[in-house]
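J.: Please read through the structure below; I'll follow up with questions.
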Amino acid sequence: MSGFGRDGSGRATLGGRALFELRAEAGVGTPAYFYDLDAVADATRELCAAFGAAPGFVAYAVKANTAGSIVRAVAQAGGGADVVSGGELRVALGAGVGPERIVMSGVAKQDWELDLAIGHGIRAIQLESVEEIPRVAARARALGKTARVSLRINPDVEIDSHAHIATGHDEAKFGIVARDLPTAFEAIGRGATALALDGLSTHVGSMLTTPTPYLESARVVCSAARELRARGKPLAFVDLGGGFGIDYGGAPVEPPPAFVRAALGLLAEQGLGDLALVVEPGRSLVAPFGVLVASVVQSKTSGTRRWCMIDAGMNDLIRPALYGARHRIEPVERAPSAPEWQVVGPVCESSDDFGLHPLGGELPGVVVLRDAGAYGFTMASEYNGRPLPAEVFVAGGKVAHVSRSPGVEAWVERRLGA
Ligand code: LLP
């Protein structure tokens, strides 16, 4: 694994190559995302290896980064996919993920999305409400197929994370709470041949720093699994979700394989060791291996405050504005040094602020925003008339693929034509 680093002269590198060289090789302006595909593949392989001989698979949460190059790298390294829309499902299939390794979550799956999932016979449509059950059964009947499904359980577990990314408490819109499970089992029974209940799933939230809350929600799933088995229903898998955190420069977190090993230990302890384990990591497979490169456009000193205005904004990377997230920002050409500058984007919102960063006495021309491989480009917008950024994919220390920014011209034409 490699991702971001610095060479002997202090210049920022990605996948072992100087970023400024990669940028010249790719011929892109700024802002631009750069990803280390080898590191993504390594992280995937490492997580798959944590399963040992136990049955199961890694279903990469495609929402973290939907780029074909990324999904292909994950698939070639042995990963599957967790998708939440027909669009993501098509990307996963198109990138070579076999239907056997695809699960689909989402609280409002539309009929065409269900039809696509059922038509391809994906591993499981994860049902998020009792009311969704007859809808999926009806779509399967219309297609003359049996839909393989799982019930997503809302485990009612609180996690120590930002409220926007906690999903497993009982006021969240996700999943079926324990008291509604008997009704859900009955509804599945009425689905008869149209539905095959193969698994139970959950996802407690994002940015977990230890397996403790993961195991807490897993216990709820295990007890439902035992209950189902007691009723004579066979089950093939449990999907315990994703949420493995990464270190954004604040505090170390437990590595993803520790979550898989802990989950396998729990399944064995609960007498469910024959069930396949599915996990749905997004962030941990891509975030540390992507950066956003931006140019310094303007500086301003006012009183004691030093402002540094860059050409990447909340439209390119919304995490700081939306969750108060911190992404380390450093010069590309040299190591970070005092003093700190308040780095902000160009967007006309006060929340377009990336915080204080050690850019040095004299501002660099180009900076790098670290750990931006997940929920960066996928959450980007064209707000304030700013086109989507370029993306550069690096493999073997070389530019393997460039996805160019559509550019301002295209944006202007589209808006004028609207
Ligand atoms: N499975 C399900 C059902 C999910 O909803 C999610 C994320 C994942 C798996 C993957 O979680 P991860 O391993 O990436 O934590 N935009 C936010 C994160 C939102 C996560 C939404 N669901 C951020 O930038 O922090």
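The values are calculated or read from the model by the stated rules, or taken from the named source; none is laboratory data. Bear in mind the structure is a predicted one, so any value in this text is a computation, not a measurement. Every residue, glycine among them, receives a Cβ derived from its backbone with ideal geometry; neighbour counts consider all protein chains shown. SASA here: full protein model, heavy atoms, side chains in, ligands and nucleic acids out. Shrake-Rupley method; radii C 1.70, N 1.55, O 1.52, S 1.80 Å.
One line per residue, one yes/no per condition, for (1) open to solvent by 10 Å² or more (accessible area, probe 1.4 Å); (2) in contact (Cβ under 8 Å) with a residue 40 or more places away in the chain; (3) assigned by TED's automatic domain parsing to the domain that holds Arg404:
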| position | (1), (2), (3) |
| --- | --- |
| Pro55 | yes, yes, no |
| Ala59 | no, yes, no |
| Lys63 | yes, yes, no |
| Asp82 | no, yes, no |
| Leu93 | yes, no, no |
| Arg139 | yes, no, no |
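J.: Here is a follow-up. Return the residues of the stretch 142-163 that are at pLDDT below 95 and among the hydrophobic types (A, V, I, L, M, F, W, C); say none if nothing qualifies.
T.: Val157, Ile159, Ala163
J.: Something else: Select, from Val279, Val291, the only residue that is touching a Lys or Arg at 6+ places or on another chain (Cβ under 7 Å) and open to solvent by less than 30 Å² (accessible area, probe 1.4 Å).
T.: Val291
J.: Same structure again: What pairs come up if the first residue lies in the stretch 291-313 and is assigned to a loop (DSSP other than H, G, I, E, B), the second is surrounded by 24 or more Cβ atoms within 10 Å (Cβ to Cβ) and of a type in the set (Gly, Ala, Ser), and their beta carbons are under 7 Å apart, counting only those six or more places apart or on different chains?
T.: These pairs meet every condition: Asp311/Ala294; Ala312/Ala294; Ala312/Gly345; Gly313/Gly345.
J.: Just the residues that are open to solvent by 10 Å² or more (accessible area, probe 1.4 Å) and in contact with a helix residue (DSSP H, G or I) (Cβ under 8 Å, 6 or more places away or on another chain), please, taken from the stretch 119-136.
T.: Gly119, His120, Gly121, Arg123, Val130, Pro134, Arg135 - these are the residues of the stretch 119-136 that are open to solvent by 10 Å² or more (accessible area, probe 1.4 Å) and in contact with a helix residue (DSSP H, G or I) (Cβ under 8 Å, 6 or more places away or on another chain).
J.: Pairs needed: first member in the stretch 252-268, farther than 15 Å from Ala49 by Cβ; second member anywhere, in a helix (DSSP H, G or I) and open to solvent by 10 Å² or more (accessible area, probe 1.4 Å); C-beta distance under 6 Å; at least 6 residues apart or different chains.
T.: Ala262/Leu215; Leu266/Leu215
J.: Among the residues of the stretch 95-112, which ones are away from the ligand (no atom under 16 Å from the Cβ) and assigned by TED's automatic domain parsing to the domain that holds Ala138?
T.: Scanning the stretch 95-112 gives Gln110, Asp111, Trp112.
J.: Within 19 Å of the chain's Cα centre (by Cα), among the small types (Gly, Ala, Ser) and more than 28 Å from Leu143 (Cβ to Cβ), is that true of Gly205?
T.: In short, yes.
J.: Mind listing whichever residues of the stretch 299-325 are more than 18 Å from Cys348 (Cβ to Cβ), within 12 Å of the ligand (Cβ to nearest atom) and not hydroxyl-bearing (Ser, Thr, Tyr)?
T.: Arg319, Gly324, Ala325
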